[in-house]
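A quick write-up on the structure given underneath.
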Amino acid sequence: MKTSSSISLVSVVFLLSFFSCKNNTNSPETIEPEITQEQITQTSASLNNWFQKQFEIEKELSPMLSTYLGEKKNNDKWDDISQKAQDEALLRNKKRLQYLKDSVNTAALNKTTLLSYNLALQQTENEISDDKYRLHDYPVNQMFGTHSEVPSFLINMHLIDSKKDAEAYISRLKGVKKLFDQLVTELQLREKAGILPPKFIFPKVIDACQNITKGKPFDTSNKQSTLLADFSNKIKGLELSENEKNTLIDDAKKSLLSSVKPAYENLITVLKSQESKATTDAGVWKLPNGNAFFDNALARTTTTNMTANEIHELGLKEVARIQGEMKAIKEKVKFKGDLTSFFKFMQDSKQFYYADSDKGREQYMEKAVHIIDSMKSRLDELFLTKPKADIKVKQVEPFREKTAGLAFYQQPAMDGSRPGIYYANMYKIKSMSKFEMEALAYHEGIPGHHMQIAIAQELKDIPMFRKLGGYTAYVEGWGLYSEYIPKEMGFYNDPYSDFGRLSMELFRACRLVVDTGIHAKKWTREQGIKYYKDNTPTEEFDIIKMVERHIVMPSQATAYKIGMNKILELRENAKKQLGDKFDIREYHDVVLTNGAVPLNVLEKLVDDWIASKA
């Protein structure tokens, strides 16, 4: 996959390097020719063109990625999730790795492109190495999966601005059966390999599947099903005759009955069969090569060499530190009793929660918007670079609120057609406390994920894989760090709100303990739940969801605290070395204007910045 220009340029540079580096003991040592600025410009441009070509290849093979990016090409299709498609992806990666190793002279790359090269090389090597764990996941679970992604994708991503878009939506409905046939094959392959999720997952997934096939046209109720309601609402604004709209709705109904319904019914049948064979063992230690898989997962998630035991011990240490700070707040508000009693007070006092009603939910959402807007007005104090994309606050849709997380962020469309969205889950209002809502909004919205992700998407002169890339320790480390920054700006004036910030940090510290406990130390689901209940003020409902998240997403939750600690460590080191020259806005520019990177790479970027100012 070489372009003609890159072949000729790389060949010339390679030959020059080869002959200049050869030493002959019978002749004077030759001098390596200096690489000119023109060569650097050309080689960097050639490699960036190659990166773009690889991205276009992947986008062509992923209609869903195109839609995520706000493009309409192939928006009548789903991605291919078959083993054949995965085999082909592995082959593409092997060819790309060969190209990167054999056909690029890294000495002739500018600084930005060299970083892109190193990230691409590492990422490609990792993907090839990780292929041996291809089946070591649970394609459907209570957190995510094709079963929930299909309706979520159609509702949130598939825009209908024309009759053609509406017809593409219907084509995607027709394609659900084929997609689910591939999904069922994947589940059966895992079952054959001895990889089944724990028993508790199955009722949750089956219930979610059944929710999608409730309402018209699936039954005789007066209420439309989730997907039919979405489609009907989206075509209302089209400039079409009523006959054309009715025809489209009829076609959608037929597709829901002929494709979507049998797809979900077949999936439910398979899930019920697997449920009867599943066990209650929670950790991935139970899987083939499970311990090696978890070690690998930790390395990928944290981008460090920390072992499971080191991460576990760090968690215990951080839990003790944060609880110490919480005790100070308890004393400040003159609460009589120990920390456990204070936790219970925070859980049980109505003053800390909105009413469990439509009005209460409306009040929460209004306050969340106010928090985001207030931070928007202060961004100049923290950032030199700010995204063009706006951010909106939205309530999680009813069809997925029961199993979705408490809050999350959805990135904006690359073309600006869709803003970033901070989602708040109003399913269980008791889980959305007033004292944690500031920290939650800062993490998922601004200065958290919106600043990090939207800025990355809008960066110039870097390839798309870096604009869209995500290293969990970096991404979630920044999110957790962003909960802390507002305290330095004078936010969290209410001590209970500051307690909420600490409560969320404590929850992330406990994750280090419980994630490694379950997957490396063979803790049960119940042991994980008990640890959270004994050490945090978190609602039991949310504790259970978190432990079950650990189970289906091994290592993922360790990223937050490890990433935050590294960002704070690098910042403190920069402050120490630069003194009065330190500018937090410049520091944040270094952290954010290179896209997501591994933590060791972030450290090198910060060190280079410090050296440039010294």
Which of (1) in a helix (DSSP H, G or I); (2) hydrophobic (A, V, I, L, M, F, W, C); (3) under 33 Å from the mean Cα position of the chain (by Cα) is the odd one out, the single condition L196 does not satisfy?
-> (1)
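Taking segment 97-113 only, how many residues are assigned to a helix (DSSP H, G or I), surrounded by fewer than 21 Cβ atoms within 10 Å (Cβ to Cβ), of a type outside the set (S, T, Y) and in contact (Cβ under 8 Å) with a residue 60 or more places away in the chain? Steps first, please.
First, the residues of segment 97-113 that are assigned to a helix (DSSP H, G or I): 97-102, 106-108, 111-113.
From what's left, surrounded by fewer than 21 Cβ atoms within 10 Å (Cβ to Cβ): 97-102, 106-107, 111-112.
When the remaining residues are screened for being of a type outside the set (S, T, Y), the result is 97-98, 100-102, 107, 111.
From the residues that got through so far, the ones that are in contact (Cβ under 8 Å) with a residue 60 or more places away in the chain too are 107.
Qualifying residue count for the region: 1.
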Matching residues in segment 33-89 - criterion: being of a type in the set (A, V, I, L, M) and modelled with pLDDT of 95 or more = I40, A45, L47, I57, L61, M64, I81, A85, A89
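One line per residue, one yes/no per condition, for (1) touching a helix residue (DSSP H, G or I) at 6+ places or on another chain (Cβ under 6 Å); (2) under 30 Å from D161 (Cβ atoms); (3) in a helix (DSSP H, G or I):
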site: Q52; (1), (2), (3): no, yes, yes
site: I57; (1), (2), (3): no, yes, yes
site: K73; (1), (2), (3): yes, yes, no
site: K84; (1), (2), (3): no, no, yes
site: R92; (1), (2), (3): no, no, yes
site: K95; (1), (2), (3): no, no, yes
site: L115; (1), (2), (3): no, no, yes
site: L121; (1), (2), (3): yes, no, yes
In segment 263-298, which residues are over 27 Å from the mean Cα position of the chain (by Cα), within 14 Å of G194 (Cα to Cα) and part of a helix (DSSP H, G or I)?
-> Q274, E275
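If a residue has to be of a type in the set (V, I, T) and modelled with pLDDT under 95 to count, how many in segment 113-159 make the cut? Explain how you work it out, then say what you get.
In the first step, residues of segment 113-159 are kept if they are of a type in the set (V, I, T); the result is 113, 124, 128, 140, 146, 150, 155.
From what is left, the residues that are modelled with pLDDT under 95 are 155.
Residues flagged as of a type in the set (V, I, T) and modelled with pLDDT under 95 within segment 113-159 amount to 1.
Filtering segment 471-501 down to residues that are among the aliphatic types (A, V, I, L, M) and surrounded by fewer than 24 Cβ atoms within 10 Å (Cβ to Cβ), which residue is nearest to I453 (Cα to Cα)?
First, pick out the residues of segment 471-501 that are among the aliphatic types (A, V, I, L, M): 473, 475, 480, 485, 489.
From what's left, surrounded by fewer than 24 Cβ atoms within 10 Å (Cβ to Cβ): 475, 485, 489.
Numbers: V475: 8, I485: 17, M489: 22 Å.
Taking the candidates together, the pick is V475.
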Only one residue in K336, K402 is surrounded by fewer than 16 Cβ atoms within 10 Å (Cβ to Cβ), of a type in the set (D, E, K, R) and closer than 29 Å to M553 by Cα, so which one is that?
-> K402
Would you kindly identify the helices (runs of 4 or more DSSP H) lying entirely within segment 414-494 that contain at least 3 residues that are farther than 30 Å from Q123 by Cα and over 14 Å from the mean Cα position of the chain (by Cα)?
-> 434-444, 472-488
Within segment 138-157, residues being touching a residue at least 40 places away in the same chain (Cβ under 8 Å) and either polar (S, T, N, Q) or within 23 Å of H550 (Cβ to Cβ) (or both) number 12
Answer yes or no: is there a residue in segment 429-440 that is under 18 Å from K376 (Cα atoms) and small (G, A, S).
-> yes
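The values are calculated or read from the model by the stated rules, or taken from the named source; none is laboratory data. Remember, predicted model here, so these are calculated numbers, not experimental data. Note: ideal-geometry Cβ built from the backbone for every residue, glycine included; neighbour counts use all protein chains shown.
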